[in-house]
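In what follows, a single structure is set out as structure tokens and then discussed.
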Amino acid sequence: MMLNNSPYVRAEASVTRVMLKVLIALLPALAAYVWQFGPAILVQVALASITALVCEAIMLRVRGKPLNLYLTDLSVLVTAWLIALAFPAIAPWWMVVTGTALAVVVAKHLYGGLGQNPFNPAMVAYCVMIVAFPSLMSQWPGVHGDASSQIHLIFGGERVLDGITSATPLDALRTGLREAGATVSAIRNGPAFGSVGGAGSEWVIGGYLLGGLWLVQQGVITWHIPVAFLGALAVFSGGFWLADSAHYASPLSHLLIGGSMLGAFFILTDPVSASTTPRGKAIYGAGAALIVFLIRAFGAYPDGVAFATLLMNLCVPLIDMKTQPPVFGHKLKRPASPKKV
Amino acid sequence: MNATLRKLFSFNGGVKPASNKTESNREPIVPLEAVPLPPQFVVPLHQSVGGIPQPLVQAGDKVLKGQRIGGATGAYSSAIHAPTSGTVLAVEPRLMAHTSGLTMLSVVIEPDGRDEWIELTPPDWRNMDGDTLRDYLRDAGVVGLGGAVFPSHMKLRQDRSTPMHTLVINGAECEPFITCDDLLMRERAADVLRGIIIIRTLLDAKEVAIGIEDNKPEAVAAMQAAIAANGDATIHAVAVPTRYPAGGAKQLIRVLTGIEVPHGERSTSYGVQCFNVGTAYAIYQALELGRPMISRILTVAGNVEHPRNYEVRFGTPMDFIARQAGLKPNTDAFIMGGPMMGFRMPALDVPVVKAANCIIASSPALFPPPPPEMACIRCGACARACPTDLQPFEMYWHARSKNFGKVQEFNLFDCIECGCCAFVCPSHIPLVDYYRFAKTEIWDRERKKNAADEARVRFEARNERAEREKREKAEKLAARTAAARATLITEGDSAAAAAPTAAPAAAATATASTEVDPKKALIEAAIARAKAKKAAAATAESTSAAPATQASETAAPTSGTEPTSKE
């Protein structure tokens, strides 16, 4: 059936190019990460990348798929980098390796490989690991940590954490508000926070924003999901904050701490598992924002981007079905009188 | 209204492939007389939408240039003419200019070199009634030259219910490589305009908008100059933004008028009609010069030394005309049309037909084989590129799994196969092939289903008829029995009034036993009537044979075997 038919010319586009742009867009955040928290993240990125490539190669071989074609598409590296960035940089090595293997083997290839996974593989890995190892997944490095002790921790060092880990802003908010009875403004002045967002992490989040905007400009992602997600998150959190600003964090804090920016531009926008229609993307982004806010404000976990992503992934077929855009000529009714045209 | 101030509309999607037009638009058109005659013309009889014309010549016939060699069959058909004077060598199936590699009955003509026209008498088209004029255009072989080769005479019918407010003339020429319309407008703007005015007069359109992509400033200027010279303020040559497929009829109508004509509807219902500039020129030639359509402007581009435009006669082998342009030896195929929607020809020597606006000599270097097809990552680039606002990746997904019902739910048949989706696809999926495949499968299934439906309807109709006949027979019998009984009773009362034949006897018998089986009585009555008639016939002057037959015939119905054939 597949003869070489028209079109005979093609734009210079490839999956590799798309994935490469995503990787490039992650570089500002990665650089900020290294600058603020030390080089441990690079170790995690390396671990995740190697694991991902090995798992991908094995699964491609097992499934009888062309190795060269799919191993060079870089899609698995995007998954690996996102896992490394989503996991705490001082998590033990086996966590990143297990998480990545899980993402590539189960969440990607058992569902049919590239383009077929209904769930975001990186977020599957994150959710499984945070449910299975909640405390290890909650130990984050402090600002300007000591590189050697961080790397020592990654490779099985005894987890003496004083002076190395630090509460994340979301942790500080949760424990402060629910257990210590503190007000938001008091917590905001604590050590976990910097000038606009989390101490140190505000730079990383700035990096995500920068890279994300570049992806929009490059046409790799569209603006719909980030705008819908961040906008809805601001609306939901803003409503509660206006009602009770002592006990609910401001909309700006919600946007600038935790996984909001990473989620908005890099996780929720994963085309394979996200909604595809313009209106669907808006619903998908807003739905994820609602879940994130509910988990952060009332749930058992400090952040909810991963759970929100997977839950919204589940809704994608329905959302897409119900939000099909009108086809050319179908949206306009026949003019009643040609004179009015 | 000043043309430059005209409000333009836009359509979603579209792409901007490299135009590759400057290669072939720097040289003037090589006119018809300057193109050498090939040793043989192969003129396919079917070159347009509609019925296949009947051959009007046979091997050995001498033909003149412009002589009709294929006669239109039916309203949608269009005639075919001899491209030059010469001898018909054969009328036989030859390879079509179609990617399928199928053959088509063609007239093979050997030119005599004199290139002698038939007598050309321009018709008095202004005083012709509509049907005569349409028949004239049909017999002049004028069909749409924009690519669809739809018989033009069928589009020149005024829709009385909707007045025509805009006649859209398509000079957009959005496909890369093709420059035939560009050059035609540059060099023959006045004649194109004459054709446009004819169309406009026939359709009684209020205004005319000539849409030309803004990468053809010379063509826009030439048309505007021609309009200015003509002085008609209701005709506008409008530069439209260069974005493929702005030259799609529905896209251009949208850009120029803001109207979106849905799939399956005619633009005339919206007060708009669209003609290609080349068609307008052909209509001018047919109605003002009396010249039938034997040639068109054709761009020869791609893997040739001197890409340019030729006024080529239909039936010229493609490789012959490509050699005029310096065909390079590593050419592996010709593509008819542009690189976005064109078709690969099955051989190098297939003839130039009316649909051929461009032939691109293809080589592996010019059009390298596509990179391997990868999995769809649902990036949505195709949906953003689609000028029809479809969701191509969804259609691909369902076409691939042969879920044809679903493909149709995603409006497969709104797809114009422009190729934008496949052009942008990062996974290099030949998306349009999947849609063509799905359409073909659906058509095939519908045909089979229709055949099955027809068979079922026939079968059911037959069963019903049998039942009905049985029922009617029973009813008739019952009615007749009742009638006979009534008659017998009446006859019995006035038995004496009956003729002195056997009938009264029978009647009497019947009357005597009214309680007997009515069927029996009926039969007896029939026999009695028959006898009476026979007797009457026997007494008649005429010979016995015919009346006897007649009698038995007339008797037959009463005997309960009434023929049912009339149903």
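The values are calculated or read from the model by the stated rules, or taken from the named source; none is laboratory data. Since this is a predicted model, take the numbers as computed values, not measurements. Using ideal geometry, Cβ is built from the backbone for each residue, glycine included, and neighbour counts are taken over all protein chains shown.
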Review point. Assuming residue B:175 fulfils every condition listed in (1) within 18 Å of residue B:226 (Cβ to Cβ); (2) surrounded by 24 or more Cβ atoms within 10 Å (Cβ to Cβ) apart from one, which condition is it?
Key: (1)
Exercise for review: Could you check, for the stretch B:165-184, whether at least one of its residues is outside any loop (DSSP other than H, G, I, E, B), in contact with a Lys or Arg (Cβ under 6 Å, 6 or more places away or on another chain) and within 14 Å of chain A (Cβ to nearest Cβ)?
Suggested key: yes
Point to revise | Residues located in the stretch A:255-278, provided they are assigned to a helix (DSSP H, G or I) and over 18 Å from the mean Cα position of the chain (by Cα) | key: A:278
Practice item. Taking the residues in the stretch B:412-438 that are of a type outside the set (A, V, I, L, M) and touching a Cys at 6+ places or on another chain (Cβ under 8 Å) as candidates, determine which candidate is nearest to residue B:339 (Cα to Cα). Key: B:420
Exercise for review: Please identify the pairs in which a residue from the stretch A:10-23 that is within 10 Å of chain B (Cβ to nearest Cβ) and part of a helix (DSSP H, G or I) has its Cβ atom under 7 Å from the Cβ atom of a residue that is crowded, with 19+ Cβ neighbours inside 10 Å and of a type in the set (D, E, K, R), counting only partners at least 6 apart or on another chain.
Suggested key: A:15/A:73; A:16/A:73; A:19/A:73
Point to revise | Residue among A:154, A:187 that alone is surrounded by 19 or more Cβ atoms within 10 Å (Cβ to Cβ) and over 20 Å from residue A:91 (Cβ atoms) | key: A:187
Review point. In the stretch A:244-254, is there at least one residue being outside any helix (DSSP H, G or I), touching a residue at least 60 places away in the same chain (Cβ under 8 Å) and on the phi > 0 side of the Ramachandran plot?
Key: no
Practice item. Identify, by number, the condition in (1) crowded, with 22+ Cβ neighbours inside 10 Å; (2) within 14 Å of chain A (Cβ to nearest Cβ); (3) closer than 24 Å to residue B:194 by Cα that residue B:268 doesn't meet. Key: (1)
Practice item. Inspect all residues belonging to the stretch A:293-312 and state whether any of them is touching a Lys or Arg at 6+ places or on another chain (Cβ under 8 Å), buried (at least 20 other Cβ atoms within 10 Å of the Cβ), under 28 Å from residue A:112 (Cβ atoms) and assigned by TED's automatic domain parsing to the domain that holds residue A:197. Key: yes
**Study point:** Checking residue B:84 against (1) surrounded by 15 or more Cβ atoms within 10 Å (Cβ to Cβ); (2) within 14 Å of chain A (Cβ to nearest Cβ), the condition it does not meet
**Key:** (2)
Practice item. Would you mind stating whether residue A:266 is in contact with a Leu (Cβ under 7 Å, 6 or more places away or on another chain), at pLDDT 95 or above and more than 30 Å from residue B:161 (Cβ to Cβ)? Key: yes
Check your understanding: Taking the stated definitions as given, is residue A:337 modelled with pLDDT under 90 and within 14 Å of another protein chain (Cβ to nearest Cβ)?
Key -> yes
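Quick grid of which residues meet (1) under 13 Å from residue B:293 (Cα atoms); (2) of a type in the set (Ser, Thr, Tyr); (3) touching a Cys at 6+ places or on another chain (Cβ under 7 Å):
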{"site": "B:52", "(1), (2), (3)": "no, no, no"}
{"site": "B:60", "(1), (2), (3)": "no, no, no"}
{"site": "B:65", "(1), (2), (3)": "yes, no, no"}
{"site": "B:68", "(1), (2), (3)": "yes, no, no"}
{"site": "B:71", "(1), (2), (3)": "no, no, no"}
{"site": "B:76", "(1), (2), (3)": "no, yes, no"}
{"site": "B:81", "(1), (2), (3)": "yes, no, no"}
{"site": "B:85", "(1), (2), (3)": "no, yes, no"}
{"site": "B:90", "(1), (2), (3)": "no, no, no"}
Check your understanding: Quick one: is residue B:225 among the aliphatic types (A, V, I, L, M), more than 10 Å from residue B:174 (Cβ to Cβ), in contact with a helix residue (DSSP H, G or I) (Cβ under 9 Å, 6 or more places away or on another chain) and modelled with pLDDT under 95?
Key -> no
Check your understanding: Any residue in the stretch B:77-92 that is of a type outside the set (Asp, Glu), farther than 20 Å from residue B:112 by Cβ and either free of Cβ contacts under 8 Å to residues at least 24 places away in the same chain or outside any loop (DSSP other than H, G, I, E, B) (or both)?
Key -> no
Review point. Just for the stretch A:203-221: of the residues that are more than 14 Å from chain B (Cβ to nearest Cβ) and surrounded by 19 or more Cβ atoms within 10 Å (Cβ to Cβ), which one is farthest from residue A:296 (Cα to Cα)?
Key: A:211
Review point. More than 14 Å from chain B (Cβ to nearest Cβ) and at pLDDT below 95: does that describe residue A:254?
Key: yes
Review point. Looking at (1) outside any helix (DSSP H, G or I); (2) in contact with a Phe, Trp or Tyr (Cβ under 9 Å, 6 or more places away or on another chain); (3) farther than 24 Å from residue A:42 by Cβ, which is the only condition residue A:156 fails?
Key: (3)
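Yes/no matrix, rows are residues, columns are (1) at pLDDT below 90; (2) over 23 Å from the mean Cα position of the chain (by Cα); (3) within 30 Å of residue B:206 (Cα to Cα):
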{"position": "B:18", "(1), (2), (3)": "no, yes, no"}
{"position": "B:38", "(1), (2), (3)": "no, yes, no"}
{"position": "B:47", "(1), (2), (3)": "no, no, no"}
{"position": "B:78", "(1), (2), (3)": "no, no, yes"}
{"position": "B:88", "(1), (2), (3)": "no, yes, no"}
{"position": "B:104", "(1), (2), (3)": "no, no, no"}
{"position": "B:112", "(1), (2), (3)": "no, yes, no"}
Practice item. Just name the residue that is nearest to the chain's Cα centre (by Cα) out of those in the stretch B:373-428 that are facing another protein chain (nearest Cβ under 9 Å), within 26 Å of residue A:66 (Cα to Cα) and surrounded by fewer than 20 Cβ atoms within 10 Å (Cβ to Cβ). Key: B:428
Review point. Could you list, in sequence order, the residues of the stretch A:166-193 that are outside any helix (DSSP H, G or I) and within 22 Å of the chain's Cα centre (by Cα)?
Key: A:166, A:167, A:168, A:192, A:193
Practice item. Please go through the stretch A:87-106 and pick out each residue that is crowded, with 24+ Cβ neighbours inside 10 Å, of a type in the set (Gly, Ala, Ser) and more than 22 Å from residue A:157 (Cβ to Cβ). Key: A:103
Revision key, fill the gap. Of the residues in the stretch B:5-41 that are β-branched (Val, Ile, Thr) and part of a loop (DSSP other than H, G, I, E, B), the one that is farthest from the other protein chains (Cβ to nearest Cβ) is B:35
Check your understanding: Any residue in the stretch A:54-67 that is at pLDDT below 95, out of contact with any helix residue (DSSP H, G or I) (no Cβ under 7 Å at 6 or more places or on another chain) and either within 12 Å of chain B (Cβ to nearest Cβ) or closer than 22 Å to residue A:270 by Cα (or both)?
Key -> yes
Review point. Could you count how many residues in the stretch A:271-280 are closer than 20 Å to residue A:121 by Cβ and more than 9 Å from chain B (Cβ to nearest Cβ)?
Key: 1
Check your understanding: Going by the structure shown, is residue B:345 within 14 Å of chain A (Cβ to nearest Cβ), within 22 Å of residue B:185 (Cα to Cα) and crowded, with 21+ Cβ neighbours inside 10 Å?
Key -> no
Check your understanding: Do you know which of the residues in the stretch B:153-164 that are in contact with a helix residue (DSSP H, G or I) (Cβ under 6 Å, 6 or more places away or on another chain) and away from chain A (no Cβ under 14 Å) is surrounded by the fewest Cβ atoms within 10 Å (Cβ to Cβ)?
Key -> B:156
